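Read-outs throughout are calculated quantities, based only on the coordinates presented, and are distinct from any laboratory measurement. Keep in mind the model is a prediction, meaning the values are calculated, not measured. Ideal geometry is used to build each Cβ from the backbone, glycine not excepted, and the neighbour counts take in all protein chains shown.
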Amino acid sequence: MAGSTAAPETGDIDIVGSLKHAVVTALIAFGLFLPLIGFKTTQDIHNELVLETRFPLLLIFVALAVAGSLVMSLIIAPWRARRLRRRPATSEESRISPAIARWFAPFALGFVIVYPVLVLVIGGFQGAVKWIDNFGIQILIYVMLGFGLNIVVGLAGLLDLGYVAFYAVGSYSYALLAKTFGLSFYMLLPLAGILSAFWGILLGFPVLRLRGDYLAIVTLAFGEIIRLVLINWVPVTNGYAGISGIPRPSFFGIPFNTDDNGFAAVFHLEFSPIYRTIYLYYLILALVLLTAFVTTRLRRLPIGRAWEALREDEIACRSLGINTTHTKLTAFALGAMFAGFAGSFFAARQGFISPESFTFLESATILSIVVLGGMGSQIGVAIAAIAMIGGTEILRELDVLKTWFGNDFDPTQYRMLVFGLAMVLIMIVRPRGLIATRAPSLFLTARKPVSAALVKEGQ
Amino acid sequence: MTGDPLLRVDHLSMRFGGLVAVNDLSFVAERGEITALIGPNGAGKTTVFNCVTGFYKPTEGRIALAHGGARVWENLTAITLRGARYHRRADGALFLLERMPDYLVTQKAKVARTFQNIRLFAGMTLLENLLVAQHNPLMIASGFTLFGVLGAKSYARAEAAAVEKARHWLDLIGLIDRADDPAGALPYGAQRRLEIARAMCTDPVLLCLDEPAAGLNPRESAELNQLIRAIRTDHATSVLLIEHDMSVVMEISDRVVVLDYGSKIADGTPDAIRNDPKVIAAYLGVADADEVEKIKAEVGL
């Protein structure tokens, strides 16, 4: 950042400026890392605290900071300035994107449909379960949650920090109703959605007058209330212990078990848990596609345009005769409904749920997916979900790193660190998310993407 | 009362705590006319607008609007006493705007407004801006979203008609070539015209324009005059106008109401207002007409 002050317009290298900046960086790094890294306290055998110094390590950190500063101001900043000069008016993005946009969606759709087969062929029956379950299903659940939250945050511009509450309502609705009344998954799926939507409206009413930070705090509190109710209402929810033995969805009435009327026996296959996993994969894929389809349709309907108009300017909306109360409530209700669908699927897939799964961290993850994806963009949200959920999962698999850092290195311990770094980097490079343009809902002559600079983020 | 009144404001007062923004204001806007509301800064003009359009609830007073013929006014006292918001009958309807929330004032009573500081949906295209304005009829056509999601033909037809209407207005304000550009990318004068077109897409009987000529150059100002006149004659919409630019006010208004410190000080034709000593005194910031003469002498008029 500071490097860009060294030579922003010309692209010439300003060595004195860079050195000055490097010295400042070194001083800041030294001041910051001296107490953090330079000193360390350990307990000796007498149980006394001893101060140790780690000056060589401190030196390495400061040197790294200086090197980073120099690379930024001497190499990256001039390179960026040169590139900026080369293409002043038409950005590269707008030239590439039509071609990508045309082929990306069908290709991605084809890929997710053949994905289980692909994994099965490569990994065999044993290896495939992990890839379909941990990666496929897990990611798709978050894609669905991202799509749902996108309605509330991305389109209507209402910052909701308690979205996981509706996910929890959906999960517990399915779990309790299925266990108590023995109703089937397909009957309870819409019911869980309706119940979640109902809670969405209940939350919506008191927060209608709130905006921005205040809205965020109230929704955050709402998420916590739901979680605390789940913990403390032991007779119904079984508290921390959670609900286990939740009925699994069947294949049109045929259960996935070892019985004579089980899926494997009916289709004359050898029993394997993978059939259920594959079935669940296609189930959540269908739900995701339904959500995507409905959301895309809604964006082109008056209600979708009213949501976006609400995000842009609420007072102008009212001056045009739009009932902003109803418009906000529908956004809350529909967003909550999709979370309810995802929640009931989650409960059916796990077979066990507890309040542990519905913490604030989940809300934060879903919100980061929406923000990272670019608010309002479906493809962006899908890519962000793959990057965030798939990325943290894949860091578990990176045994390669052991060959670089030695056998003591455990990559799983660093996955959140790497993940955080990646988030910071992406937010620096693309502050408005991966897909930073807004596609108009309809057009007269040509569909031109709207630059994010003009689109408001809601308040 | 003469003529065919569209809007009747009676004894309107608006107080914010101890501040009296509008004090016992009564005036009438006739159907098919352009009524201008003028006055020095802080006279309470925008407050009157906000009361008429439902954004403020007035502390006291009645704001009544009639659809249809002049005979609907017969019901005024009856519905005021009954506590009703509006009364519909075969030949029209009567609305009490001070009892209605802002969005219903536009939706039911058909009063549209623009804002002093332009409020467009900057990140949406011009076409989208004009379609948002047709939200209510489109919402009904889409079966409150239900048929729309299922892809009903009737909605597609309604949307095509809405786009056609938007195209008509874009043509009229000369922005048809920029229909697919974001509204925020338009130059200032074009944004003002678009905001007027957007308000007109709600099919209003009364259009309230809050300083439409502010920040426009003389040519744009002249174009605006033409547009406002066209709205009155071709679209059967009456206009209520707040304006500081006297060339606009004097040229297009049929009637001028002058406010100062929240009270009405004059009401009449532009010519009568132009020569009203009280109005001149208010604009010069002096107490009465005698002082006006003194100041005129001082500056050598």
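Averaging over all projection directions, the Cα-based convex hull of chain B occupies 18.3 nm² in the image plane. Counting every pair of alpha carbons in segment A:141-258, the share spaced more than 24 Å apart comes to 34 percent. When the C-alpha to C-alpha distance is required to be over 22 Å, the pairs from B:45/B:264; B:108/B:153; A:328/B:165 that qualify are B:108/B:153; A:328/B:165. For the peptides A:189-197, A:340-348, A:211-219, A:137-145, residues were scored by their other Cβ atoms within 10 Å and the scores averaged per peptide; the highest-first order is A:340-348, A:137-145, A:189-197, A:211-219. Counting only other chain Cβ atoms within 10 Å of each residue's Cβ, the peptide B:114-121 averages 4.
Cα centroids of segment A:246-305 and segment A:168-187: how far apart, whole angstrom? Distance between centres, Cα-based: 16 Å.
Here, segment B:3-52 is characterised by an Rg to Rh ratio of 1.00, where Rg is the alpha-carbon radius of gyration and Rh the Kirkwood radius. Convex hull volume per residue, computed on the Cα atoms of segment A:221-359, equals 152 Å³.
Under 5 Å from the amide H of residue B:267 lie the amide H atoms of B:258, each residue being 5 or more positions distant or on a separate chain, with H modelled from the backbone and absent for Pro and chain starts. With the simple spin-label model, which puts each label point 7 Å out from Cα in the Cβ direction, the residue B:117 to residue A:326 separation comes to 3.0 nm. Peptides B:23-29, A:331-337, B:183-189 ranked from most to least packed give A:331-337, B:23-29, B:183-189, packing being the mean of other C-beta atoms within 10 angstrom over each peptide's residues.
Each of residue A:286 and residue B:171 was given a label point 7 Å from its Cα along the Cα-to-Cβ line. The distance between the two points is 4.9 nm.
Peptide A:442-450 is shielded by partner chain Cβ atoms: per residue, an average of 6 of them sit within 10 Å of its Cβ. When the alpha carbon coordinates of the protein assembly as shown are projected onto the principal axes, the ranges are 98, 76, 58 Å, largest first. Computed from point charges on the beta carbon alone (+1 for Lys and Arg, -1 for Asp and Glu), the dipole magnitude for chain A about its Cα centre is near 1720 Debye. In this calculation the C-beta distance from residue A:356 to residue A:210 is compared with R0 = 35 Å, giving a FRET efficiency of 0.75. With all projection directions averaged, the alpha carbon convex hull of segment B:65-146 covers 7.8 nm². The Cα center of segment A:136-157 and the Cα center of segment B:10-54 differ in position by 47 Å. Each other residue within a Cβ distance under 13 Å of residue B:34 adds +1 if Lys or Arg and -1 if Asp or Glu, for a net charge of -1. With θ taken as phi - 60° and the Karplus curve 6.51 cos²θ - 1.76 cosθ + 1.60 applied, the whole-hertz 3J(HN,Hα) list for segment A:434-443 is 5, 9, 9, 10, 9, 8, x, 6, 7, 8 Hz, x standing for glycine and proline.
The residue B:91 and residue B:219 beta-carbon pair, evaluated with R₀ = 41 Å, returns a calculated FRET efficiency of approximately 0.40. Counted residue by residue at 0.36 nm each, then reduced by the alpha carbon distance between them, the extension gain from residue A:84 to residue A:118 reaches 8.1 nm. The coefficient of translational diffusion for segment A:301-370, derived via Stokes-Einstein from the alpha carbon Kirkwood radius under 25 °C and 0.890 mPa s, stands at 170 µm²/s. Since only A:202, A:414, A:146 are under comparison, the one whose Cα sits farthest along the positive direction of the charge dipole of the protein assembly as shown, derived from C-beta charges on Lys, Arg, Asp and Glu, is A:146. Compared with the direct C-alpha span, the chain from residue A:416 to residue A:108 gains 108.2 nm at full extension, assuming 0.36 nm per residue. Given a Förster distance of 22 Å, report the FRET efficiency between residue B:290 and residue B:26 from their Cβ-Cβ distance, rounded to the nearest 0.05. With a Förster radius of 22 Å, E is 0.20.
Dipole magnitude for segment A:3-86: about 600 debye, using +1 per Lys or Arg Cβ and -1 per Asp or Glu Cβ, origin at the Cα centre.
Since only B:168, B:137, B:152 are under comparison, the one whose Cα sits farthest along the positive direction of the charge dipole of segment B:117-202, derived from C-beta charges on Lys, Arg, Asp and Glu, is B:137.
Here segment A:3-86 yields Rg over Rh of 1.27, to two decimals, using C-alpha coordinates and the Kirkwood radius. In terms of Cα atoms, the Rg and Dmax of segment B:83-212 work out to 16.0, 49 Å. As a test of the definition: which semi-axes, in Å, follow for segment A:100-451 when you take the square root of five times each eigenvalue of its alpha carbon gyration tensor? Largest first, please. Equivalent ellipsoid semi-axes, largest first: 33, 26, 21 Å.
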